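J.: Please read through the structure below; I'll follow up with questions.
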Amino acid sequence: MKLAIAPVQNNSWPVKAFLVEAASPSTWLRDIFQAGIQLKETVVYPLPGKTANSVWGCLVVMNEGNLPNTRHPLFQLAGDVLFIPACTALRPILISTDYQQLFRGARHLMHPELGLIELPAPIIWEEIVGLPAVEQVESVVPAETVFIPGDIKIFIVEERSPDDLIEQMNKELFPAPLTAGPLNFFEKIKLYLLRLLLGGKPDAAAPRSRFRNFMAKLFSQSGLEKPMQKLAANLEMLEERNKKEVDKLLELFRDNPAEALKYAIPIDSRGASRGSQPGAFELSRRWMNFSLFSGTGSGSGATVYLANNEMARLQEQYHKAANDLIERQQYEKAAFIYLKLLANPHRAAEVLETGKFYAEAAALYHKNNQLEKAAECYTKADMTRRAIDLYKQLNNPEKVGDLHASLKEYEDARNYYLQAATRQQEQYQYLDASRIYRHKLEDHEMAQATLLRGWNEGKEAVTCLGRYFSHIGDEKERIKEIKLFYSTNIHKRNSEKFLQVLKIDYDALVDISVEVRPILFEIISSLAPENPHILSELKLLIPDDNKLQKDIVLYRHQLLQEKKNKPIGL
């Protein structure tokens, strides 16, 4: 039987292979890879050339799937044994048994130039392709870098303890030494002993000590009144010199409040202040910085006693200096005065909050156990986690939910919103509960149901039902709901409240005014016999009818008279 191939328009068999005309296996591999084909997806047969020991090319057969686009000639697989060019047909036409009998299960290729070829064993690439030796490469792992996100979605200030929050406010100051001449060491000791001997605090109104009374009596009996008077004169002289130190401080406050703060002494509730030596106030530097939570600086911590008038002068000057610093927007120094010098942490926190030093203000409020204000300032300072902890202590689940939502922790936020809404309902605060459902949980059905519950239980009933109707956006639907509600839920006991509900939107919405007017007339007419004053509501329906107004007054008066004259028991 003579076999031949003839050109046709369409393929009769599946296209399963393509032909690469090249003698080099490296060219075969290049063309296969350029076609986007993996070697494991193919079976490649080498094709002999026209001369002995030569190679013409190769036939690339796909195991599964369709062939990709390629510039090489394509071949059909006829009868599962014979590859013929695409768009050709075998002549004569064979049936499947003919293919098996003629080719005996071995695959062949029929090519116009090469003729009929029995395909040899397929190529085993591992035998002809040599892999390069694996080179040991030492890899160096780079150090971890800071991840820079493309978008900043949440901003949180790193939390620190309250005592560390105001460290950045420390400002080291180096003032020039003052030219004042305070009491020397021996004079201070002398003043201290004379105070013990002659009466303690340098206050003219202070009672005399028992020891002083005893010494005065002893000196009087011994004829030594003059030494006693001399000691008193020495005490007065030392007190005067010590008082001049206070005057210097007050003068410095008037001239340079910021400089005076370095030498200021705190005043406590006993009329005492803190100084460096017992007994005498020396104008010396006490504050190395204006840190609100640090120690007092260079002082040793002993107590200085001042007269009442001196303490009052200092207090007045401290308040004036603080107000001046606030006007100059030096809020840290003003807060320093209130906290360290006047022992008023609440006012110090208020000043810091005014200056938008929220973290520092929060720390002071927290230390002063003003948790609500502390939580507000922590929130403003973006110290969200600390604010969450405080609002949990304050048992404010709605605020906790808001803060979790700001951190995009929506599941936690939802849980706390549900707690808040439940608590509001338990406390009969149905308006607040519906607000949480509607705006925080986005549950409009539950919000509406909560408002209806407020109406039914008589808790802010008019406002609840008014809100219920106002949240029905479509006017036609609102009118429909009003009519349905009137027919199914309104009776004589609650009809007057329902009248007040309808008045809320009566003037604002024309369509509603027209539709609900019959309902208003019906309610007023049914209530008038028992409550003649309800007739005044007709002014809402027909405001410009003066005759109606007169009729209302007459009819109401008539009803009141009838009600007054009605026999008891009838």
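J.: Only one residue in Thr51, Thr88 is in the same structural domain as Pro120 (by TED's automatic domain parsing), more than 60 Å from the chain's Cα centre (by Cα) and modelled with pLDDT of 90 or more, so which one is that?
T.: Answer to the check: Thr88.
Residue-wise test of (1) at pLDDT 95 or above; (2) among the acidic types (Asp, Glu).
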residue	(1), (2)
His366	no, no
Asn369	no, no
Thr384	no, no
Tyr391	yes, no
Glu398	yes, yes
Asp402	yes, yes
Lys408	no, no
Arg414	yes, no
Leu418	yes, no
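J.: Could you grab the pairs with beta carbons closer than 9 Å, sequence gap of 6+ or different chains, first residue in region 464-480 and under 16 Å from Val514 (Cβ atoms), second one of a type in the set (Ser, Thr, Tyr)?
T.: Arg478/Ser470
J.: Return yes or no: is Ala312 at pLDDT below 95 and either outside any helix (DSSP H, G or I) or in contact with a helix residue (DSSP H, G or I) (Cβ under 9 Å, 6 or more places away or on another chain) (or both)?
T.: So Ala312 fails the test.
J.: Are there any pairs, at least 6 apart or on different chains, whose C-beta atoms fall under 7 Å, with the first in region 63-74 and closer than 16 Å to Leu29 by Cα and the second part of a loop (DSSP other than H, G, I, E, B), and if so, which?
T.: If the second residue must be part of a loop (DSSP other than H, G, I, E, B), the pairs left are Pro68/Ala35; Pro68/Gly36; Pro68/Ile37; Thr70/Ala35.
J.: Using the structure shown, decide if Glu457 is touching an Asp or Glu at 6+ places or on another chain (Cβ under 7 Å), surrounded by fewer than 18 Cβ atoms within 10 Å (Cβ to Cβ) and farther than 30 Å from Asp382 by Cβ.
T.: No.
J.: Then there's this: Only residues that are surrounded by 19 or more Cβ atoms within 10 Å (Cβ to Cβ) and within 20 Å of Pro397 (Cβ to Cβ): list them for region 444-453, please.
T.: Ala447, Thr450
J.: From the list Leu116, Leu109, exactly one residue is exposed (fewer than 14 other Cβ atoms within 10 Å of the Cβ), in contact with a strand residue (DSSP E or B) (Cβ under 7 Å, 6 or more places away or on another chain) and either under 27 Å from Ala35 (Cβ atoms) or in contact (Cβ under 8 Å) with a residue 60 or more places away in the chain (or both). Which is it?
T.: Going through Leu116, Leu109 in turn, just one is exposed (fewer than 14 other Cβ atoms within 10 Å of the Cβ), in contact with a strand residue (DSSP E or B) (Cβ under 7 Å, 6 or more places away or on another chain) and either under 27 Å from Ala35 (Cβ atoms) or in contact (Cβ under 8 Å) with a residue 60 or more places away in the chain (or both): Leu116.
J.: Whether any residue in region 464-484 is more than 26 Å from Ser526 (Cβ to Cβ), surrounded by fewer than 18 Cβ atoms within 10 Å (Cβ to Cβ) and of a type in the set (Lys, Arg) is what I want to check.
T.: Yes; the residues of region 464-484 include at least one that is more than 26 Å from Ser526 (Cβ to Cβ), surrounded by fewer than 18 Cβ atoms within 10 Å (Cβ to Cβ) and of a type in the set (Lys, Arg).
J.: Kindly establish whether Lys2 is without any contact (Cβ under 8 Å) to a residue 60 or more places away in the chain, out of contact with any helix residue (DSSP H, G or I) (no Cβ under 6 Å at 6 or more places or on another chain) and more than 20 Å from Glu126 (Cα to Cα).
T.: In short, yes.
The values are calculated or read from the model by the stated rules, or taken from the named source; none is laboratory data. Small disclaimer: the values here were computed from a predicted structure and weren't measured. Cβ: placed from backbone, ideal geometry, glycine included. Neighbour counts: every protein chain shown.
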